[in-house]
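Below is one structure, written out as structure tokens; the observations come after it.
A short reminder: the numbers here are calculations on the coordinates, not readings from a lab. Values in this document were obtained by computation on a predicted structure and should not be read as measured data. Here the Cβ positions follow ideal geometry from the backbone for every residue, glycine too, while neighbour counts run over all protein chains shown.
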Amino acid sequence: MSYQTAKAAFAEWGVDTEAALARLATVPISMHCWQGDDVVGFEKQTGSSGGGIQATGNHPGRARTPEELRADLQFAYAMIPGRHRLNLHAMYMDTEETPDRDEIEYRHFEPWVDWAKAQGIGLDFNPTFFAHAKADDNLTLSHPDAGIRDFWIEHGKRTRDIAARIGLELGSACVNNIWVPDGYKDIPVDRMAARARLEASLDTMLAPAQEPAQMLDAVESKLFGIGVEACTVGSHEFYMGYAIRKGTLLCLDMGHFHPTENIADKLSAVALSLPQILLHVSRPMRWDSDHVILLNDDILAMAYELVSADLLHRTFIGLDFFDATISRTAAWVIGTRNMQKALLRALLAPWDRLRAAEDSLDFTARLTLTEEFRDLPFGEVWAEFCKRLDTPSGLTLISELDAYQASVAVRA
């Protein structure tokens, strides 16, 4: 079947494939740097893993230097249609210096900005509140020790300054997302005190004004992690309230909720109280295990909600998975393309007919429409999107992924 035939098939349902392709081309996905090296980072000093974060596997080809990571990223971007972004963590500095986390400055990340300019992509940023001796208790901004809190507050302030400079240099607002691992392995006796300390630390950290056109603050919750099974200080309720009161973005990470919770259902609910949202898209298996995302029901439901509720222009979409059992570059490419495929499917849905059926309480028609339009030739429209943006698909894509993996497999 040709694209023209597929276009006509969708037109019978009142769907304009050209409009869908044009809209998809404007949606950037912020691809995460930490998939490329198993969340190791490039700090010269020795740290601990911590934070409940663990990448399993030892597939050959892990990036060992910023140069190798950037080469891998460039290859991945070439396999993904459209123009996208990179989500950079503070532990990925590119410098011969050895600054501690409370000493980092823009110059330690300037090579990343120069590279982003050359690639024509935007950058997002994250403070790194884990993998450090001062985070070994799984307490940072909520630590009872004021000295520990002050260390991490200063780290957070500096990341905001760095993010603002990145946004200024690239002419695109840099989303600076705050996630802390703080919590308790066993049942605490005073949750309120820990949450009050976290709130006060965040207030101090976010107090210096930044230009929104250059930097946007986001806060991210979590249900639990390794070592904080009993209580996570920064819960969803904590951060949702904080974001609404303080005017930050709220980050919804698909792996940070109970397995039975539907993240898609949360989007329209929080959007009524927040002007902008940040998404971290992953695939949890029974916990926050961050598998490469598939084109499955969870991803489709989220994409449908973004389009149906008209939230695409208010939502920053980032990825957050890391798998060391497979090719790391293939993981980036497959995951990012699946996010795009889900959005394209949502943009190709017959929303006028679906809404008309629902508004008239004709739930039979709604169900019939929902199931029947799944059979429309979506694959031909996706192939056309890749073709127009000079990106391989199908067997050609697989061949490109295999060839690149073979070229990096020699890395020790």
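Treating the angle as unsigned and between 0 and 90°, give the value, to the nearest 10°, between the Cα long axis of helix 363-372 and the longest Cα principal axis of the chain.
Between the helix axis and the principal axis of the chain, the angle is about 90 degrees.
Measure nothing but the geometry: give the 0 to 90° angle between the long axis through the Cα atoms of 297-308 and the longest principal axis through the Cα atoms of the chain, rounded to 10°.
Between the helix axis and the principal axis of the chain, the angle is about 80 degrees.
Can you tell me what share of the DSSP beta bridges in the chain is antiparallel? A percent to the nearest 5 is fine.
Counting DSSP beta bridges with both partners in the chain, the antiparallel share is about 10 percent.
Sum up the charges of everything whose Cβ sits under 13 Å from the Cβ of Met1, counting Lys and Arg as +1 and Asp and Glu as -1, but leave Met1 out.
Overall, the nearby charge balance is -2.
What ranking do Thr315, Thr128 get, fewest neighbouring Cβ atoms within 10 angstrom at the top?
Least crowded to most crowded, the residues run Thr315, Thr128.
Please report the spacing between the Cα centers of the stretch 106-151 and the stretch 184-250 in Å, no decimals.
16 Å
Calculate how large, on average over all directions, the projected area of the Cα convex hull of the chain is; give the answer in nm² to one decimal.
Projected area, direction-averaged: 20.3 nm².
Taking the Cα centre as origin and putting +1 on Lys and Arg beta-carbons and -1 on Asp and Glu beta-carbons, what dipole magnitude results for the stretch 28-349, to the nearest 20 debye?
Result for the stretch 28-349 is approximately 760 debye, rounded to the nearest 20.
Which one, Trp152, Ala230, Phe10, projects farthest toward the positive side of the charge dipole computed for the chain from Cβ point charges (K/R +1, D/E -1)?
Final value for the positive-end residue is Phe10.
Students often get this wrong, so check it: of Lys44/Lys157; Lys44/Lys117; Lys185/Lys266; Lys185/Lys222; Lys157/Lys246; Lys341/Lys387, which have C-alpha atoms separated by over 18 Å?
Working: Lys44/Lys157 21 Å; Lys44/Lys117 25 Å; Lys185/Lys266 27 Å; Lys185/Lys222 14 Å; Lys157/Lys246 16 Å; Lys341/Lys387 14 Å.
Pairs exceeding the cut-off: Lys44/Lys157; Lys44/Lys117; Lys185/Lys266.
Ordered by residue, what ³J(HN,Hα) values in Hz, to whole numbers, does the stretch 20-36 give under the Karplus form 6.51 cos²θ - 1.76 cosθ + 1.60, where θ = phi - 60° and Gly and Pro are x?
Working through the residues one at a time gives 5, 5, 5, 5, 4, 5, 9, 9, x, 10, 8, 7, 8, 5, 6, 5, x Hz.
Over the chain, calculate the relative contact order: mean separation of alpha carbon pairs under 8 Å at least 6 apart, over the residue count, as a percent.
21 percent
Excluding Arg245 itself, what net charge comes from residues whose Cβ is under 12 Å from its Cβ, given Lys and Arg +1 and Asp and Glu -1? Intermediate results must be reported in sequence, preceding the final value.
Working: positive: Lys246; negative: Glu199, Asp203.
So the surrounding residues net to -1.
Between the DSSP loop rule and a limit of at most 14 other Cβ atoms within 10 Å, which trypsin sites (Lys or Arg not before Pro) in the stretch 243-304 are left?
Here the sparse-neighbourhood loop sites are Arg286.
Net charge near Glu12: determine it from the other residues with C-beta under 13 Å of the C-beta of Glu12, scoring Lys and Arg +1 and Asp and Glu -1.
Here the charged neighbours net out to -1.
Measure nothing but the geometry: give the 0 to 90° angle between the long axis through the Cα atoms of 191-206 and the longest principal axis through the Cα atoms of the chain, rounded to 10°.
80 degrees
Gap in Å between the Cα centre of the stretch 298-325 and the Cα centre of the stretch 12-91?
The stretch 12-91 and the stretch 298-325 have Cα centres separated by 15 Å.
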